[in-house]
Amino acid sequence: MSHLHPDEGGAGMPSRRRSGRLRSQIHAGDERSGLAHPRTTRLRPQIHANEDGAGVTSHRRGKRLRPQTRASKDGDDMSGLRGTSPEQPASLPDNQDMLWEILLRLPQDLYSLHRASAVCKQWRGILVDPRFLCLFHAHHRKPPLLGFFHYSSKQIVFKPVLAPPDCITPGRFSLGHYSNHILLDSRHGRVLVKGLQLGEVAVCDPITSKHHRVSIPPEFNGRLFKAAVLCAASNQGHVHGGCHLCPFKVVLVMIYSEGQPIASVYSSETATWSGLISTEPPHDGCFLNGRGTLVGNVLYWPLNMRGHNILEFDLDTQNLTVIKGPPDMHMIDLHNFHIIEAEDGAVGLAGVSCLKLLLWQRKIDCQGIPIWFLWKTISWRKLLKITKKRQWLKVVGYDEDNNVILFDVHDVIYMVQPKSMQARKLDGTRFTCRCYTFTSFYPLGTSIDDGTNGAEMSG
């Protein structure tokens, strides 16, 4: 039987017998609030009134705690209180900041920014802001692989690799009158070619169609040399791929008299070449060939002459050294291997042996001695889904930003990502001896096709 307990205002609430599930009871008065508890040995959360009349919940040890409803001094109920917390709810960003956060998460395909810029003037104003572009690049970290440059009918041409609808017309990245020059390197949105005239190279930007001619040191004039071009931006947080306005460097290497490797570095900031940098030649001789690979801030070229050697140039310390390659890796055929970036940012090497793709990695052991070990072995027949028994396979290129190796299998180009074990066949490709990959973010305001980019302003 329930009994009523009158309060100061004459109102009452029933008090029930003890049960397995205890229920809180609230008695609200006209001038004060309180909490009535049934008689039980099970402790329950309590609400205490402070000097201002506000209730504060304190929890005591019990088998089951239940949320309490408190009444304020003015009689307003506050439900779901589980104890006080000093944290205030986070305030939402204003509309402009929220819009920036949304636009930063657009995909980095060729059309997303262009289409978003056509929504209204406010959106376009954000998308062309250099600060936004820096944040956009930092958010995505790596620029997309747009395609590669190679020779076709003695001309340098561009082969796009993006799948529809992100296709780029091959003529969009024409090098103009530099198309009949000698292709040396491609990196960070720039292409390096050797001029037809002796004593100069040219740095071309296919995105902006600008070029920069550079005279080379006299020691390299008229000799066979290898070269690399790269972005020289040193500001913290810079992401390569939007480097069209940034300074650049050009590195030349060659085998000088008596087989001695030498190098020199050009800086566009000072428009000067460094002095000659040299190292001792290997005892078994060397022959510089193949394209260089940038791993971290170190450039590597294969030295192919009996000795399995690799030329290493550190851009930070300006040191040029010769290191040994994998002991079991035959570097006689330059088409059968390529220097790559392995796991954890270490230098690696990918080579083709019989029916397998061998991936090597160079590490420093506990005694500080560099060693090579076989990192991964892949059946390239299964990876490329090739059923014919006799196939001619060679390595023709490598993209450092996306860690993609390009293979030529009977005049058909395949793109292979060794970490994810994914492969894709590129349609419409023909025989090529070497591919110079081209990666870049596509800035707003430049055409994707040979004409307009398809995004027009409205509003």
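Points to keep in mind about this one:
- Near pairs, Cβ below 6 angstrom, 6+ apart or cross-chain, from region 202-221 (free of Cβ contacts under 8 Å to residues at least 24 places away in the same chain) to any residue that is assigned to a strand (DSSP E or B): Arg213/Glu200; Arg213/Ala202; Ser215/Glu200
- Looking across region 334-363, the residues that are surrounded by fewer than 22 Cβ atoms within 10 Å (Cβ to Cβ), more than 14 Å from Lys394 (Cα to Cα) and either outside the structural domain of Phe287 (by the TED database) or touching a residue at least 40 places away in the same chain (Cβ under 8 Å) (or both) come down to Glu341, Glu343, Gly345, Ala346, Leu359.
- Selection from region 285-319 of residues that are part of a loop (DSSP other than H, G, I, E, B) and open to solvent by 50 Å² or more (accessible area, probe 1.4 Å): Phe287, Gly296, Asn297, Met305, Arg306, Asp316, Thr317, Gln318
- Of all residues assigned to region 441-453, at least one qualifies as being outside the structural domain of Leu106 (by the TED database), on the phi > 0 side of the Ramachandran plot and modelled with pLDDT under 85.
- Residues in region 355-413 that are over 18 Å from Leu426 (Cβ atoms) and among the basic types (Lys, Arg): Lys356, Arg362, Lys363, Lys376, Arg381, Lys382, Lys388, Lys389, Arg390.
- Restricting region 364-387 to residues that are buried (at least 16 other Cβ atoms within 10 Å of the Cβ) and not in a helix (DSSP H, G or I), the residue that is modelled with the highest pLDDT: Trp372
- Residue satisfying all of: in region 238-266; open to solvent by 20 Å² or more (accessible area, probe 1.4 Å) and hydroxyl-bearing (Ser, Thr, Tyr); modelled with the lowest pLDDT among these: Ser257
The values are calculated or read from the model by the stated rules, or taken from the named source; none is laboratory data. If you're wondering where the values come from, they're calculated on a predicted model, not measured in any experiment. No Cβ is skipped: glycine too gets one built from the backbone with ideal geometry, and neighbour counts run over all protein chains shown. Surface areas here come from the heavy atoms of the whole protein model, side chains and all, with no ligands, DNA or RNA. Shrake-Rupley method; radii C 1.70, N 1.55, O 1.52, S 1.80 Å.
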